[in-house]
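Notes follow the structure.
Nothing in this text is a laboratory measurement; each read-out follows from the coordinates by a stated rule. For clarity, every value in this text was computed on a predicted model and none was experimentally measured. Ideal geometry is used to build each Cβ from the backbone, glycine not excepted, and the neighbour counts take in all protein chains shown.
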Amino acid sequence: MHVLKIDRLLAITMLLLNHRRISAKELADRFEVSLRTIYRDVEAINQAGIPVVSYAGLSGGYEIMEQYRLDRQFLSMEELQSIIVGLKGIQSTVGDQEIGALLDKVGALIGKSEQSAVQSLNNQLVIDINPWRTGNQNKEQLAALRSAIRDSRLISFAYITAESQTSVRTIEPMGIVVKGFGWYLYGYCRLREDYRVFRLSRMKEVQVLEEAFERRPATLEKLDYGWGKRDATRLITLKLHVQPSVRAKAEDYFHPEQIRLQEDGTLLITSTQPDEPWLYGMLLSYGPQLRVLEPVHVAVRMKELAEGIVAVYNTDNLLSAEHSYTGNC
């Protein structure tokens with residue numbers, strides 16, 4: 001039997017197992033074949049031992065018998081549902097058609113009589129790791145990167161560092177990792193002649209090149225572990241004094257074991273963090289409700305940044321900006 005036909009028969013079976021009833025026309029439109037082909041396919045599925053029932057009339061169509069389901073081996077209902085929830089979370093982020101097909105296959109392991117229980121579990125837990133803004137541009141970028149990784153093809157892009165410096169990179173992409181609220185590309189940088197990690201949101205003008213490369217022996221797990229060790233050399237221990245008005249925000253970010261509630265309602269926080277530029281932006285977001293106690297160089301840098309902000313909003317600058325806007329009207 002032709003491979004394409006086998007794939008279509010399997011896909012039709014998955015659809016019938018996951019839906020109450022589907023008309024022959026819907027199946028023909030979905031798989032871009034004739035109604036005659038669908039009739040033959042359904043007959044072949046029946047001959048394979050899967051009981052497909054046909055219904056006539058306006059609401060007619062094909063349906064698999066109520067009690068039939070594929071053997072799901074040793075997976076419990078809860079385990080299957082965990083798989084489905086995880087796959088849906090990934091699908092909502094990457095928009096991958098292959099994951100949609102996999103969801104159909106996993107869903108086919110659940111009997112129709114159990115579908116209501118599955119729907120109930122669906123309403124109990126949702127995983128959403130989608131970091132993207134509105135629109136599909138970033139999803140398309142992610143799809144292109146995954147394709148380059150799969151086909152071992154070089155990519156080039158302009159990269160903006162945390163210090164706002166831009167450089168053009170040619171990378172041998174190894175893999176994509178989700179950490180916290182960000183997506184990162186791990187790969188071998190031909191400019192630096194070493195492995196590097198790139199935040200996807202800082203990658204501009206991404207192009208997948210025709211040139212292929214031979215994948216290096218390093219695994220993604222080892223790269224991730226090694227990068228963590230490299231980051232550890234820049235870790236500092238922060239001691240912070242936080243006012244009660246921003247307690248909820250602080251507790252959202254810092255772990256409970258890092259927070260000590262004081263008698264006056266303020267928080268004393270001790271936390272190990274990487275000494276990176278983004279750290280100061282995070283601390284500044286608390287405004288005057290947070291004070292850095294240690295280390296001293298962080299407190300000094302916070303003071304310099306705060307003074308810079310004050311300088312931007314001094315009276316002369318505000319008057320100059322107001323005059324500029326008035327003159328442009």
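Exceedance of the 31 Å cut-off in Cα-Cα distance is limited, within the set K139/K239; K179/K239; K249/K303, to K139/K239. Sorting the segments 167-173, 205-211 by their residues' average number of neighbouring beta-carbon atoms within 10 angstrom, most packed first, yields 167-173, 205-211.
Summing charges over neighbours of A28, with a neighbour being any other residue whose Cβ is under 14 Å away from its Cβ, gives +1 when K and R count +1 and D and E count -1. Each listed q (0.15, 0.19, 0.21, 0.24 Å⁻¹) maps to a log10 I(q)/I(0) for the stretch 245-317, found by the Debye formula over equal Cα scatterers with no solvent: -0.58, -0.87, -1.02, -1.24.
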